[in-house]
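Trainee: Handing you a structure now.
The values are calculated or read from the model by the stated rules, or taken from the named source; none is laboratory data. The structure presented is a predicted model; accordingly, all values stated were derived computationally and were not measured. All Cβ positions, even for glycine, are placed from backbone atoms using ideal geometry, and neighbour counts span all protein chains on display.
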Amino acid sequence: MPLFICYNILVEDESGGKVKMKILLVDGTMFGRKTGAILEQVEQYIKELDASFELEIMHFSQYKHQIVDGSPLNDDMKEMIQKFEEADAYIIATPIFQASIPGVLKNAFDFLHPKTMRYKPVSIVANGGTYQHHLVVENQLKPILDYFRALVTPNYVYTHTSHFDADNNIVDEDVHDRLRELARVFVQYCEMSKTLPKEPIDQH
């Protein structure tokens, strides 16, 4: 089920006080457990890097979804959009269905204002049934994030069904190492983004 995992990093506000930097981890599917299992593993590795992180999970399964058709938004979709807007960084997990990202994930992006994710760090993890489908991340998901002007980390992690056991635990050590590296780079991107103004000079 799609879920959001929200971490908080302490940063300074303009008055010098400590505020929490929100990091939203998005399980972009209504079906399956593998992407959720990947996020849970990333969660562990991020916590190992910074013990001050706090976790909040939002499950899509608890929300009434709408398609983007111009209808008034229900309360669930308003809350989902607010979670995206209030986040300071993201990790997005997607399965590959029919050689594409899931419709529910694209639909969520369609609800967002173009500046929602601007200059905010994003890392990607994905899962598919064939090794060739990793190109979906390059050809479909990355262009969407580029449109939002997100700060996409260079090292996404693509997993295959064979990397999991029957209980959806990741059993491939190379995948674990790549997730550790993804978490390390992501945390550094978050640190870098703290002082980056989100409003552009060009006003676009």
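Trainee: Tally up the residues in segment 110-147 that are surrounded by 20 or more Cβ atoms within 10 Å (Cβ to Cβ) and either within 30 Å of residue 203 (Cβ to Cβ) or acidic (Asp, Glu) (or both), please.
Mentor: Number of matching residues: 7.
Trainee: While we're looking at this one, here's another question. For segment 81-111, name all the residues that are touching a residue at least 40 places away in the same chain (Cβ under 8 Å), assigned to a helix (DSSP H, G or I) and of a type outside the set (Gly, Ala, Ser).
Mentor: Result: 83, 84, 86, 104, 105, 107, 110.
Trainee: Residue by residue through segment 40-79, note down the ones that are touching a Lys or Arg at 6+ places or on another chain (Cβ under 8 Å), part of a loop (DSSP other than H, G, I, E, B) and among the aromatic types (Phe, Trp, Tyr).
Mentor: Correct list: 53 only.
Trainee: Among (1) in contact with a strand residue (DSSP E or B) (Cβ under 6 Å, 6 or more places away or on another chain); (2) at pLDDT 90 or above; (3) closer than 30 Å to residue 132 by Cβ, where does residue 4 come up short?
Mentor: Tallying (1) in contact with a strand residue (DSSP E or B) (Cβ under 6 Å, 6 or more places away or on another chain); (2) at pLDDT 90 or above; (3) closer than 30 Å to residue 132 by Cβ, residue 4 fails exactly one: (2).
Trainee: Also: Has segment 193-203 got at least one residue that is in contact (Cβ under 8 Å) with a residue 40 or more places away in the chain and surrounded by 14 or more Cβ atoms within 10 Å (Cβ to Cβ)?
Mentor: yes
Trainee: Residue 26 passes all but one of (1) crowded, with 16+ Cβ neighbours inside 10 Å; (2) under 20 Å from residue 76 (Cα atoms); (3) modelled with pLDDT under 90; which number fails?
Mentor: (3)
Trainee: Taking the condition of being within 14 Å of residue 35 (Cβ to Cβ) and either without any contact (Cβ under 8 Å) to a residue 12 or more places away in the chain or among the β-branched types (Val, Ile, Thr) (or both), how many residues in segment 157-186 meet it?
Mentor: Going through segment 157-186 one residue at a time, the tally reaches 5.
Trainee: Within segment 88-103, can you find the residues that are crowded, with 22+ Cβ neighbours inside 10 Å and small (Gly, Ala, Ser)?
Mentor: 89, 93
Residues are listed down the side, and each one gets a yes or a no for (1) part of a helix (DSSP H, G or I); (2) under 24 Å from residue 84 (Cα atoms); (3) under 16 Å from the mean Cα position of the chain (by Cα):
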| position | (1), (2), (3) |
| --- | --- |
| 126 | no, yes, yes |
| 133 | yes, no, no |
| 141 | yes, yes, yes |
| 174 | yes, no, no |
| 184 | yes, yes, yes |
| 199 | no, yes, no |
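Yes/no matrix, rows are residues, columns are (1) under 12 Å from residue 108 (Cβ atoms); (2) not basic (Lys, Arg):
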site: 59; (1), (2): no, yes
site: 64; (1), (2): no, no
site: 73; (1), (2): no, yes
site: 94; (1), (2): yes, yes
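Trainee: Next question. What pairs come out if I take residues in segment 134-156 that are touching a residue at least 24 places away in the same chain (Cβ under 8 Å) and pair them with residues that are surrounded by fewer than 16 Cβ atoms within 10 Å (Cβ to Cβ) and of a type in the set (Val, Ile, Thr) whose C-beta lies under 8 Å away, six or more apart or interchain?
Mentor: 153/185; 154/185; 155/185
Trainee: Which one is farthest from residue 42 (Cα to Cα) among residues in segment 154-177 that are of a type in the set (A, V, I, L, M, F, W, C) and crowded, with 16+ Cβ neighbours inside 10 Å?
Mentor: Here the residue is 164.
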